[in-house]
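The values are calculated or read from the model by the stated rules, or taken from the named source; none is laboratory data. Please read these numbers as outputs of a predicted model, since none were measured by experiment. Because the Cβ atoms are built from the backbone with ideal geometry, glycine has one as well, and the counts that use them run over all protein chains shown. Just so you know, the surface numbers come from the protein's heavy atoms only, side chains and all, with ligands and any DNA or RNA stripped out. Shrake-Rupley method; radii C 1.70, N 1.55, O 1.52, S 1.80 Å.
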Amino acid sequence: MSSPVQDLSVLHQRREQRLMLALALPALLVILLLVVLPVGWLAWQSVYHNGFTLENYRRIWSEDIYWRSFALTFQISLLVTLLALLLGYPIAYAASIAPKRWGIIILALVVLPFWTSVLVRAYAWLALLQRTGVINQLLRQLGLIDEPLALVHNTFGTVVATLHILLPFMVLPLYATMQQIPRDLMQAGASLGAGPMLTFWRIFFPLSLPGVLAGSTLVFVLALGFYITPELLGGGRTIMISMLVSRNVELYDQWGAASAVGVVLLVAVGAIFFAVSRFIPLDRVLGQK
Amino acid sequence: MTMSRPFRIVLVVTCALVLLYLIVPILIIAPMSFSAARYLSFPPPSLSLRWYQEYVGNPAWMQATRVTLTVAVLTVVIATPLGVAAAYAISQSKWRIMRLIHMTLLLPLVVPIIITAVGIFFVYAKVGLAATMTGLVLANVMLGLPYVVISVAAGLQSFDATQEMVARSLGMNRLRSFFVVTLPQIKPSVIAGGIFAFISAMDETIVALFISGGQYQPLTKRMFTALRDEIDPTIAAISTLMTAVSFMLVLIATSRPKKGA
């Protein structure tokens, strides 16, 4: 049996809930109408054309161009993730152990490109890497090469520019994790006789693994969906999944095929996030931005 | 931490090289934009403002700039209050459904942008929003919302909610206590969220490629199509201006005013 006081508090709680829902509703509606509805529509489109059909997926499975594009996208994303880890780890490590002022300077330099337009950076890399670009000019003046190197409009250019954009997404979660590692642990290790290398590998590195996982996930997933950089620096030969989607829509008017490719990409991204969320909370991965 | 000397040298050199890789491409555009040469060159043979004049004198670039600025301002004006309201609701309510709403609001960051772009293109074509200002602003509000929500939710986390309770127990109604007690204290994170939404709208390219057209094409769309054809030095001038605006805004967003001011 409930007392009148309890009734009142339940009533109050309901009113509170309704108010909070009303406050969140406008934002929620925007997302539902502009993300959930369009993506759902695409998913529907990929299996429905005058009746239910799996034709679009069968084509992805059987046609060579789709296979090659998926394989290339995964290879490039994996390569970019590994390189980002290789270059990002020392930066995050240095920022976390340096005196505070230096740490802030290092982080500021990492975040600076973060807030520069992706398009502007693609342009910068074109200016640097093209046949008559800065790097080729420099190498020629130094007498190191006779013929300009093909640095752009290929996979190399795509990787260099993609890595440039995604590196901060690796460094920031790494730094966040490293900063939380208690320094006493390393001192304890050292006082027990372990050298700097041993304390790093046995104590620091394992404790930084959540950051490695968060950063790698973010970089890999973002690389999977890259569009501007491969489009502008890939020279039409490095066809990544996103380009497959846009080409099917813009050039061939193949909505079904574009939708199916999009759905496969989305499922891959969703599966990766889901798998990772079992180890670290997802909002921590995303909240780093 | 103790470190051997060679290890320290390797670390410093590696960091310096990686930081150069991150910074140089951003800095190289500015000197090139002041070049007098017909083609991109570095270092510029002589200095001039010709590419800035080219930009300002071109009606198509100017129209695109107006569209970009209008879209960015409208995006902030709409996305900020929606995001603040949602972040407030999420942080106040322990209701389980709010967690789901929170995740949904972050979806624009998770769904690959090309999928969102093609999907919106499809929906807009059905409802007649393609190539309109309304459609462009709506899409950018959607893309900017997660930044506002993340920033404001973080701000609310360090805010003591009992203060608002006190204000209400002293007779203020809920709305007033929010505006008088809570909002002033989370103001820095609201401003930061709004600025990030502005930058996101200013830089957005992929969705605009699909849904914008006619006279409502933002700068980024025109830059992208120009870059596909040839490397026009006018873009160096535009890029330099865009970067300068971004950096100024980030500086404002990240410099928190002193407490108690």
Check the protein assembly as shown and count each lysine pair with an alpha-carbon distance under 23 angstrom, considering only pairs eight or more places apart or from different chains. 7
Please report the spacing between the Cα centers of the stretch B:77-96 and the stretch A:98-127 in Å, no decimals. 31
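State in Å² the accessible area per residue of chain A; use a 1.4 Å probe, count heavy atoms of protein chains only, and round to the nearest integer.
Here the per-residue accessible area is 49 Å².
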Cα gyration tensor shape of the stretch B:134-216, rounded if a/c is under 1.5, else prolate or oblate by comparing a/b with b/c: prolate
Tell me the angle of helix B:5-33 to the major Cα principal axis of chain B, expressed in degrees between 0 and 90 and rounded to the nearest ten. 70
Angle, helix B:133-157 long axis vs. longest principal axis of chain B, Cα atoms, 0 to 90°, nearest 10? 60
Please return the longest range in chain B lying between exposed loop sites, taking trypsin sites (Lys or Arg not before Pro), DSSP loop only, at most 14 other beta-carbon atoms within 10 Å, and leaving the sites out. B:95-257
Express the accessible area of the stretch B:179-261 per residue in Å², computed with a 1.4 Å probe while the remaining protein chains stay in the model. 43
Projected onto the charge dipole of the stretch B:185-261 (unit charges on the beta-carbon of Lys, Arg, Asp and Glu, signs +1, +1, -1, -1), the Cα from B:Met248, B:Ile238, B:Val207 with the largest positive-side position is that of B:Met248
Alpha carbon convex hull of chain B, projected area averaged over orientations, nm²: 21.0
If unit charges are put on Cβ atoms (+1 for Lys and Arg, -1 for Asp and Glu) and the dipole of the stretch B:26-169 is taken about its Cα centre, the option from B:His102, B:Ser46, B:Ser158 lying farthest towards the positive end turns out to be B:His102
List the chymotrypsin sites (Phe, Trp or Tyr not before Pro) within the stretch A:183-288 that DSSP assigns to loop and that have no more than 16 neighbouring Cβ atoms inside 10 Å. A:Tyr252, A:Phe279
At the level of C-alpha centres, the distance separating the stretch A:42-57 and the stretch B:207-238, in angstrom, is 33
Please compute one quarter of the surface area of the Cα convex hull for the stretch B:1-91 and express it in square nanometres. 12.4
Among all helices in chain A defined by DSSP H, which have a length of 27 Å or more along the axis from Cα atoms plus a Kyte-Doolittle mean of at least -1.0? A:4-31, A:64-97, A:155-180, A:255-277
Applying 1/(1 + (r/R0)^6) with R0 = 30 Å to the Cβ-Cβ distance of B:Val13 and B:Val73, what FRET efficiency is obtained, to the nearest 0.05? 0.10
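Report the calculated FRET efficiency for B:Ala37 and B:Thr132 (r = Cβ-Cβ distance, R0 = 45 Å), to the nearest 0.05.
0.65
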Chain B: relative contact order as a whole-number percent, Cα under 8 Å and 6+ apart: 28
Given charges at Cβ of Lys, Arg, Asp, Glu: chain A dipole, positive-most of A:Leu192, A:Phe52, A:Ile76: A:Leu192
The convex hull of the Cα atoms of the stretch A:161-223, divided by residue count, gives a volume in Å³ per residue of 72
Note the buried accessible area between B and A here, summed over both chains, with a 1.4 Å probe, in Å² to the nearest 100. 7500
Rounded to a whole number, what % of the accessible area of the protein assembly as shown do carbon and sulfur atoms account for, probe 1.4 Å? 67
Sorted list, accessible surface of protein heavy atoms, 1.4 Å probe, largest first, for A:Arg278, A:Arg247 is A:Arg278, A:Arg247
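One quarter of the convex hull surface, Cα atoms only: what value does that give for the protein assembly as shown in nm²?
So the Cα hull casts an average projection of 33.2 nm².
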Which residues in the stretch A:239-253 place their backbone N less than 11 Å from a point set 7 Å from the Cα of A:Arg59 along the Cα-to-Cβ direction? A:248-249, A:252-253
Buried by partner chains in the stretch B:143-168 (accessible area down by at least 40 Å² vs chain alone, 1.4 Å probe, heavy atoms, protein only) are B:Tyr147, B:Ile150
